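Q: Right, I'll just put the structure down here and ask away after.
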Amino acid sequence: MEILDAINLRHSTRDYLTDAPSKATIEGLLSAATRAPCAFNRQAWRFTVILNRNLLDEISAGAKSYMTRTRPLELPETLYQKLADPDFHVFYRAPALIVISAAAQGPWIEADGALAAENLMLAAQAQGLGSCWIGLSQPFLATPEGRALAQLPKDENPVAPIAIGRPAQAVAPTPRQPVVARWIA
Ligand SMILES: Cc1cc2nc3c(=O)[nH]c(=O)nc-3n(C[C@H](O)[C@H](O)[C@H](O)COP(=O)(O)O)c2cc1C
């Protein structure tokens, strides 16, 4: 797939088939992620690939409980209602979660992780896979309980949890507003 097609067709997938991508496919996505630019070329991104169905369910439940109990982010009330819905799964029951974490601190460290995440999501799109950044799981993943479940080392901070899998249905890309740009000639 051409890069511009991948960019234009990518959208957040919220309905997945149950089979997980192969190890080789996921390794290809991780390799694409590390081709992203990063400040000072520090390459401090680390990846945790979670394929265990029960563990994904456990992290989803933990994230929902933590979010509704502590309300750590200013979110629309409708999102907190969704998080309280017993049927809602924060990862949309995706068969794989890739948590991109930062093994360093310093300027632009979160930007590094976000760039790696976009590379990963575009590489997924190019291979017919769907993806979705699951920000709703981030606050929980940063807690001692979330870290323990995701086996995140103490010196790593979760930056981008990305659900990955085969889309259950074809979905049109999410529309965009017209470009707002100021041109200075
Ligand atoms: C930092 C960040 C956090 C996000 N968190 C969530 C999330 O928790 N759940 C979700 O369904 N989508 C999440 N998204 C996906 C956005 O809702 C989505 O990218 C946006 O609506 C644009 O749609 P598109 O990705 O289909 O183009 C997140 C995206 C970003 C960049």
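Readers should treat all values here as calculations from the given coordinates under stated rules, not as data from a laboratory. All values reported here derive from a predicted model rather than from experimental measurement. Glycine gets a Cβ as well: all are built from the backbone with ideal geometry, and neighbour counts include every protein chain shown.
Q: In whole percent, what relative contact order does region 3-165 give with Cα contacts below 8 Å and a gap of six or more residues? Don't skip to the answer; put the middle values down first.
A: Numbers: 268 pairs, mean separation 60.7, N = 163.
It rounds to 37 percent for region 3-165.
Q: Which residues' amide hydrogens lie under 5 Å from the amide hydrogen of residue 130, considering only partners 5 or more residues apart or on another chain, with H built in the peptide plane?
A: Hits under the 5 Å cutoff: 165, 166.
Q: Using Cα centres only, tell me the gap between region 164-185 and region 31-109 in whole Å.
A: Between the Cα centre of region 164-185 and that of region 31-109, the gap is 21 Å.
Q: Starting from the Cα gyration tensor of region 55-185, multiply each eigenvalue by 5, take the square root, and state the resulting semi-axes largest first in whole Å. The partial results should precede the final answer.
A: Working: eigenvalues 124, 82, 61 Å².
One finds semi-axes of 25, 20, 18 Å for region 55-185.
Q: Still on this structure, I have one more. Tell me which lysines have Cα within less than 25 Å of residue 82's Cα, excluding those fewer than 8 residues away on the same chain?
A: Counting by Cα, and skipping residues close in sequence, residue 82 has these lysines nearby: 64.
Q: Taking the beta-carbon count within 10 Å as an exposure proxy, list 154, 82, 23, 64 from fewest neighbours to most. Each step should come with its number before you reach the end.
A: Numbers: 154 7, 82 17, 23 10, 64 21.
Fewest-to-most ranking of 154, 82, 23, 64: 154, 23, 82, 64.
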